[in-house]
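The structure appears below as structure tokens.
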Amino acid sequence: MSDKVRVVFIDNPPVNGLGAAVRTHLMKELERALADEEVEAIVLAGKGKMFSAGADIREFGKKAPPGTPSLPDVIDAVERSTKPVVAAIHGVAAGGGLELALGCHARIASSDARLGLPEVTLGIVPGAGGTQRLPRLIGVREALGLITEGKLIPAPKAHALGILDEIASGDLLSAAASRASGTPLRRTSELPVTDDPSAFAEAEKAAAKSRGFEAPLAAIEAVKAAATLPAEQGFRKEREIFLKLVASDQSKALRRVFFAEREAAKIPDVPPDTNVKEIVSAGVIGCGTMGGGIAMCFANAGIPVVVAESDPSALERGLEKIFGLYESSRSKGRISKDEFERRMTLLSGTADFSRLSQTDIVVEAVFEEMDIKKSVFRDLDSICKPGTILATNTSSLDVNEIAGSTSRPSSVIGTHFFSPANVMKLMECVRGAQTSKETIASVFQLAKRLDKVAVLVGVCDGFVGNRMLYAYRRQADFLLEDGALPHEVDQAVVEFGLPMGPYAMADLAGLDIGWAVRKRQEATRPKPLRYSTIPDRICELGRFGQKTGAGFYRYEKGSRTPVPDPEIASLIEGVSKELGIERRPFTRDEIVERCIYALINEGAKILEEGIALRASDVDLVWIHGFGFPRYRGGPMFYADTVGLKKVYGAVARFHEEQGEWMRPAPLLERLAREGGTFQD
Ligand code: T1G
Ligand code: NAD
């Protein structure tokens, strides 16, 4: 490499975040290179695994030491440089990292690099020129797509779009250095940009679909400034929008979820160097609603999987469903023909359980009956080789009791997928009393390969997600008795941000599952406590939801659209009358308070019982398992945003009105009293 080219490195492991110290270093290095007559050109590169993941998110809201240049300052200095500056990108250039590269006079990358402006996923907009320089480089339409979706794209695509000037065939730094010598001082912010009203209209329409998220629409406004205002005003407008959003509750929530997703895999007593079992092949028992989806997760991740079923017709039905789902993905172009064939080759069905003997993990997804599960685990224990992890997908049964039916309880764990298993991101990993650290570490690593968000939970009825769902549903049922109707409750929580209300969701999942659970709990249900008979009465009418064409709602033939049913309204009013309850209307906020605060209170009980390790884990369960709005950070973070004093006050009031079910969790009471938060 010519010594006339100075390479300036960004060196801040693990992701070269552009924190205060890095910015100061870059500014100094740039000034030194400009002052050095020997130096004709500069290459900017990252040390370690990537170019840069952008601004250091942990520094947001914190004051930088006096005299620290802002990121826009550094990028402007690079762009104004009188010597060519070329960005040499490997690994990832994201957010401020890509903005820095856009300030350079040219960009070159290794072919496996990924680039993008994911700021909207953090509830902000690119704040260092990205919304102004990118449209100048690739046009408004492409820039809008990248900025409002916030996805990282592969280098070849970035090259095709014009973000990159070159893909390095050999050594990246040498290629960058030879490009640097003689690269013209092409300043992106001085390039013209053409307005494109139809692109803006389409982007606004698409952004409206990300219901509740503020950042995508704000990003469009910033790009519009680039297309309609003089450059200087456009940059100012972007900064204004950025500073407003970075201080917003939404961005605080989304940043917290970002770190929570990385924190969830850190189990205090399972050190990072715990031995991990490599999962080369897998088995699934039961090819029903869940078994089929779980098998697809393995095939999608490239892991050969055998699905075993006791009922041949169920196996045939299950495999047909899987084939149908893959076929529709292929015909919609979501997966290529090769990928379709690869997945179908990796997935096979059998009634011969001995084909599971050499697998590294078997996930059981048979009927939710303890005796059936224990007999299946006894069989697996004798069939499978030593070391095979035996996992159960039970929604609520005692994992310790299931483990107790084997000679290898340390290899037994709950892997609770959510329906549809090939879509929902969440996997509750249920730690039994004897589950080994190796089993836990192996399943967490597997979850990453299956592109799942794994959260460790303890053994209790319904674990974290369903246990909180029971409390949430109980409140909703009491609201029906007190005066509301199913569509009113659903509408209120959907407006709050959930994808679906409790009654449309129950009809989708099937009311018979909940009914079976309630019947099983009947013996232990604390009789003095309030219990709504409305769901049971609806099931007694043979109404199990969408699958029977009627549940809390009725459904036109072939339609999944819930239609409020007067028959259900009069059933509910009848129950209120029987109970002597004077029905009254409820506002949206009252409904949200009752339902969401019930979630929060149950979440607090789960935390104090140690069923979940941290509040952020509880939030991930509801964000990835039930679609709780990510921009609210999850129920526990939302509670902190509202203020625990207010939440506690309301729960205490509900306790007075309704009795034991809504007794405030001691943790909630204490934190409210001490002015603490669940995050503490
Ligand atoms: N700031 C601080 N920490 C970060 C970080 C960041 N930008 N990115 C990652 N980390 C931490 C992360 O918490 C984890 O920590 C470790 O690094 C490894 O991360 C002005 C204002 C780059 C694709 O949104 O998407 O620039 O858990 O496990 O799987 O417009 O990290 O080990 O303690 O995720 O290899 C915009 C965010 C910032 C990119 C790598 N940038 N990062 O994935 O590693 S806003 C982003 C990622 C901005 C400007 C604005 C991913 C990655 P720990 P990891 P990975
Ligand atoms: P399902 O009734 O759709 O499927 C169960 C399948 O297991 C059936 O095909 C049945 O033939 C098969 N089976 C039963 N006994 C068997 C045996 N001894 N050997 C092999 N196969 C056997 O049920 P599902 O909804 O897929 O639920 C399966 C498990 O997943 C349950 O424990 C349930 O609680 C849990 N779960 C369900 C959901 C959901 O939304 N449906 C979500 C999470 C977890």
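The values are calculated or read from the model by the stated rules, or taken from the named source; none is laboratory data. Keep in mind the model is a prediction, meaning the values are calculated, not measured. With ideal geometry, Cβ positions are generated from the backbone for all residues, glycine too; neighbour counts draw on all protein chains shown. These area figures cover heavy atoms from the full protein model, side chains too; ligands, DNA and RNA do not enter into them. Shrake-Rupley method; radii C 1.70, N 1.55, O 1.52, S 1.80 Å.
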Residue tally, condition crowded, with 23+ Cβ neighbours inside 10 Å and either outside any helix (DSSP H, G or I) or at pLDDT below 95 (or both), over the range 485-497:
0
Here is a list: Ser354, Ser405. Which entry is at pLDDT 95 or above, within 14 Å of ligand 2 (Cβ to nearest atom), surrounded by fewer than 21 Cβ atoms within 10 Å (Cβ to Cβ) and in a loop (DSSP other than H, G, I, E, B)?
Ser405
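Within the range 458-468, is there a residue that is open to solvent by less than 10 Å² (accessible area, probe 1.4 Å), under 27 Å from Arg663 (Cβ atoms), in contact (Cβ under 8 Å) with a residue 24 or more places away in the chain and in a helix (DSSP H, G or I)? Before you say what the answer is, go through the steps one by one.
Within the range 458-468, the first condition is being open to solvent by less than 10 Å² (accessible area, probe 1.4 Å), and the residues that meet it are 462-465, 468.
Still in the list and also under 27 Å from Arg663 (Cβ atoms): 462-465, 468.
So of that shortlist, the ones also in contact (Cβ under 8 Å) with a residue 24 or more places away in the chain come out as 462-465, 468.
Narrowing the set further to residues that are in a helix (DSSP H, G or I) leaves 465, 468.
For the range 458-468, residues open to solvent by less than 10 Å² (accessible area, probe 1.4 Å), under 27 Å from Arg663 (Cβ atoms), in contact (Cβ under 8 Å) with a residue 24 or more places away in the chain and in a helix (DSSP H, G or I): present.
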Among all residue pairs at least 6 apart or on different chains, which show Cβ distances below 8 Å where the first residue, located in the range 663-680, is within 15 Å of Met636 (Cβ to Cβ) and the second is of a type in the set (Lys, Arg)?
Ala665/Lys605; Leu667/Lys605; Ala672/Lys645; Gly676/Arg670; Gln679/Arg256
Qualifying positions in the range 408-431 - more than 25 Å from the chain's Cα centre (by Cα) and not in a helix (DSSP H, G or I):
Arg408, Val412
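The rows are residues; the columns are (1) touching a helix residue (DSSP H, G or I) at 6+ places or on another chain (Cβ under 6 Å); (2) within 13 Å of ligand 2 (Cβ to nearest atom); (3) closer than 26 Å to Asp360 by Cβ.
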| site | (1), (2), (3) |
| --- | --- |
| Val307 | yes, yes, yes |
| Ala314 | no, yes, yes |
| Arg317 | no, yes, no |
| Phe323 | no, no, yes |
| Phe340 | yes, no, yes |
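Which residue, of Ile294, Ile241, Ile267, is in a loop (DSSP other than H, G, I, E, B) and either modelled with pLDDT under 95 or surrounded by 17 or more Cβ atoms within 10 Å (Cβ to Cβ) (or both)?
On the way: Ile294 fails: in a loop (DSSP other than H, G, I, E, B); Ile241 fails: in a loop (DSSP other than H, G, I, E, B).
Testing whether each residue is in a loop (DSSP other than H, G, I, E, B) and either modelled with pLDDT under 95 or surrounded by 17 or more Cβ atoms within 10 Å (Cβ to Cβ) (or both) leaves just Ile267.
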Within the range 1-46, residues part of a helix (DSSP H, G or I) and under 38 Å from the mean Cα position of the chain (by Cα) come out as Ala20, Ala21, Val22, Arg23, Thr24, His25, Leu26, Met27
The residue that is nearest to the chain's Cα centre (by Cα), considering only those in the range 382-401 that are under 17 Å from Leu356 (Cβ atoms) and buried (at least 17 other Cβ atoms within 10 Å of the Cβ), is Asn393
Elements of type strands (runs of 3 or more DSSP E) contained in the range 76-125, each with 1 or more residues being touching a Leu at 6+ places or on another chain (Cβ under 6 Å) and within 12 Å of ligand 1 (Cβ to nearest atom)
92-94, 114-116
The range 256-267 residues that are under 21 Å from Glu438 (Cα atoms), paired with ones that are at pLDDT below 95 and open to solvent by 60 Å² or more (accessible area, probe 1.4 Å) (beta carbon under 8 Å, 6 or more apart)
none
From (1) away from ligand 1 (no atom under 16 Å from the Cβ); (2) part of a loop (DSSP other than H, G, I, E, B); (3) within 24 Å of Val276 (Cα to Cα), pick out the condition that doesn't hold for Glu438.
(2)
